[in-house]
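Chemist: A single structure is presented below for examination.
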Amino acid sequence: MAVEKFPVEAGHIMMFARSVGDANPIYADENYAKTTETGGIIAPPTFIQASSQYDPDASLRPKIGQKWFGSGAKPSGSNAPTEESLAGDAGGTSGGGTGLHGGQHYTYHRNMKPGDILTAVSKPGQRWEKESKRAGKLIFSESITEYSDQNGELVVTARSVGIQTERVVDQG
Amino acid sequence: MSLKATDINVGDEHAEVIVNDLSRTQLVQYAGTSGDYNPLHTDELFAQEIGGYPTVFAHGMLTMGMTGKMLTNWVGDGRLKTFGLDFRTQVWPGDTLTATAIVSEIIEEDGEQVVKADVTTSNQNGQVVAIGYASARLD
């Protein structure tokens, strides 16, 4: 994933906090936030994940004018992202198996806040395989992403672990 | 309000119910804010007929986002230094999740008091859905 410009906006923070069920006013009420230690609205800990909204190549967002792999009248699936294009993304389906998000790890260098303009640069991390009873061979691949602000200062470092399964995870 | 080093001890536990009867609408809501529109999370036809799953399931990052709410309620706003989770099994519509942090260490780091905690999120059956860690600055 590469994001040239992720403008952190108050409205987006408010909606993101709602979507994770977090009613904390520090994410929505500027007057309240001013009275706290942070001195203003900040973003919730996992907000940086929403940077994919600003990734022109994000494979898990429908693109105008392009075929989407979700259902219309019928389930499609024919246009699913491949494993390679999913590095750093959370999920997807290809072949008989499934791309799953195995884990996510953040190191926070400072709080994200409205007005920040972040840039993300990703590089591949380690890659390993494991056998599992529930889904056959699992291929793990890491992606390390550094998010920096408009002054070049590091804001968040993220390590994402993707898992490509050989088959659908057995629910038994 | 932030947590004070003098107020906590290794082994202390903080737990919160982070979602009760998870709705399919919340999955749609999270897709919209995060930008992860993977149909496995919102498209029943796709999840069943293409994905081979019994129904749609939650984004791992939704579970992590809700778990983060427990952490910030506990340590205070803007105090986290690290937060990581491994997703162990799927979270389904209808699930009720409880997130728990247990103090593993209280250390001094970069001239500050820092709490390290083991973090676990479990469903209504006691099954662990996500497990990891967090650390945060203390007063």
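The values are calculated or read from the model by the stated rules, or taken from the named source; none is laboratory data. Small disclaimer: the values here were computed from a predicted structure and weren't measured. Heads up, the Cβs are rebuilt from the backbone with ideal geometry, glycines too, and the neighbour counts pull from every protein chain shown. Accessible surface is based on the protein model in full, side chains and every heavy atom, while ligands, DNA and RNA are left aside. Shrake-Rupley method; radii C 1.70, N 1.55, O 1.52, S 1.80 Å.
Chemist: The conditions are (1) of a type in the set (S, T, N, Q); (2) part of a helix (DSSP H, G or I); (3) within 16 Å of the chain's Cα centre (by Cα), and B:Thr82 fails exactly one of them. Which is it?
Modeler: In the conditions (1) of a type in the set (S, T, N, Q); (2) part of a helix (DSSP H, G or I); (3) within 16 Å of the chain's Cα centre (by Cα), B:Thr82 misses (2) alone.
Chemist: Give all pairs with beta carbons closer than 6 Å in which a residue from the range B:86-104 that is farther than 18 Å from A:Gly21 by Cβ meets a residue that is open to solvent by 30 Å² or more (accessible area, probe 1.4 Å); count only pairs at least 6 apart in sequence or on separate chains.
Modeler: Within 6 Å, the pairs are B:Asp86/B:Ile131; B:Arg88/B:Val128; B:Ile102/B:Glu13; B:Ile102/B:Asp118; B:Val103/B:Val10; B:Val103/B:Asp12; B:Ser104/B:Lys116; B:Ser104/B:Asp118.
Chemist: Sticking with this structure for a sec: Working carefully through the options B:Thr121, B:Thr100, find the one that is open to solvent by 10 Å² or more (accessible area, probe 1.4 Å), more than 9 Å from chain A (Cβ to nearest Cβ) and at pLDDT 95 or above.
Modeler: Of B:Thr121, B:Thr100, the one residue that is open to solvent by 10 Å² or more (accessible area, probe 1.4 Å), more than 9 Å from chain A (Cβ to nearest Cβ) and at pLDDT 95 or above is B:Thr100.
Chemist: Conditions: (1) more than 7 Å from chain A (Cβ to nearest Cβ); (2) among the aliphatic types (A, V, I, L, M); (3) surrounded by 21 or more Cβ atoms within 10 Å (Cβ to Cβ). B:Met64 meets all but one. Number of the miss?
Modeler: (1)
Chemist: Which condition from (1) at pLDDT 95 or above; (2) surrounded by fewer than 17 Cβ atoms within 10 Å (Cβ to Cβ) is the one that A:Tyr27 breaks?
Modeler: Evaluating A:Tyr27 over (1) at pLDDT 95 or above; (2) surrounded by fewer than 17 Cβ atoms within 10 Å (Cβ to Cβ) leaves (2) as the failure.
Chemist: Let me ask another. Return the residues of the range A:1-22 that are modelled with pLDDT of 95 or more and more than 9 Å from chain B (Cβ to nearest Cβ); say none if nothing qualifies. Give the steps one after another, and end with the answer.
Modeler: From the range A:1-22, those modelled with pLDDT of 95 or more are A:5-22; that's our starting set.
A:Lys5, A:Phe6, A:Pro7, A:Val8, A:Glu9, A:Ala10, A:Gly11, A:Ile13, A:Met14, listed by residue number.
Chemist: Here is a further query. Looking at the range A:1-24, which of the residues that are part of a loop (DSSP other than H, G, I, E, B) and open to solvent by 60 Å² or more (accessible area, probe 1.4 Å) is farthest from B:Asn73 (Cα to Cα)?
Modeler: Keep residues of the range A:1-24 that are part of a loop (DSSP other than H, G, I, E, B), which gives A:1, A:8-9, A:20-24.
Narrowing further to those that are open to solvent by 60 Å² or more (accessible area, probe 1.4 Å): A:9, A:23.
Working: A:Glu9: 22, A:Ala23: 10 Å.
Step by step, filter the range A:1-24, then rank; the result is A:Glu9.
Chemist: Output the number of residues of the range B:78-89 satisfying the condition of being within 7 Å of another protein chain (Cβ to nearest Cβ) and surrounded by fewer than 22 Cβ atoms within 10 Å (Cβ to Cβ).
Modeler: We begin by selecting, within the range B:78-89, every residue within 7 Å of another protein chain (Cβ to nearest Cβ); these are B:78, B:80-87.
Okay, now just the ones that are also surrounded by fewer than 22 Cβ atoms within 10 Å (Cβ to Cβ), so B:80-82, B:84, B:86.
Qualifying residue count for the region: 5.
Chemist: Out of the residues in the range B:43-61 that are surrounded by 21 or more Cβ atoms within 10 Å (Cβ to Cβ) and either of a type in the set (Phe, Trp, Tyr) or more than 7 Å from chain A (Cβ to nearest Cβ) (or both), state the one that is nearest to B:Ile18 (Cα to Cα).
Modeler: We begin by selecting, within the range B:43-61, every residue surrounded by 21 or more Cβ atoms within 10 Å (Cβ to Cβ); these are B:43, B:46-47, B:50-51, B:56-61.
Restricting the remaining residues to those that are either of a type in the set (Phe, Trp, Tyr) or more than 7 Å from chain A (Cβ to nearest Cβ) (or both) gives B:46-47, B:56-58.
Numbers: B:Phe46: 27, B:Ala47: 25, B:Val56: 19, B:Phe57: 16, B:Ala58: 14 Å.
Here the residue is B:Ala58.
Chemist: Can you say whether A:Glu153 is modelled with pLDDT of 95 or more and either touching a Leu at 6+ places or on another chain (Cβ under 9 Å) or surrounded by 16 or more Cβ atoms within 10 Å (Cβ to Cβ) (or both), as far as the supplied structure shows? First the steps, then the outcome.
Modeler: On the way: modelled with pLDDT of 95 or more: yes; either touching a Leu at 6+ places or on another chain (Cβ under 9 Å) or surrounded by 16 or more Cβ atoms within 10 Å (Cβ to Cβ) (or both): no.
No, not satisfied.
Chemist: Considering A:Asp89, A:Asp57, A:Asp116, which residue is of a type in the set (Asp, Glu) and modelled with pLDDT of 95 or more? Please lay out each step first, then the result.
Modeler: Details: A:Asp89 fails: modelled with pLDDT of 95 or more; A:Asp57 fails: modelled with pLDDT of 95 or more.
Criteria check complete, one pass: A:Asp116.
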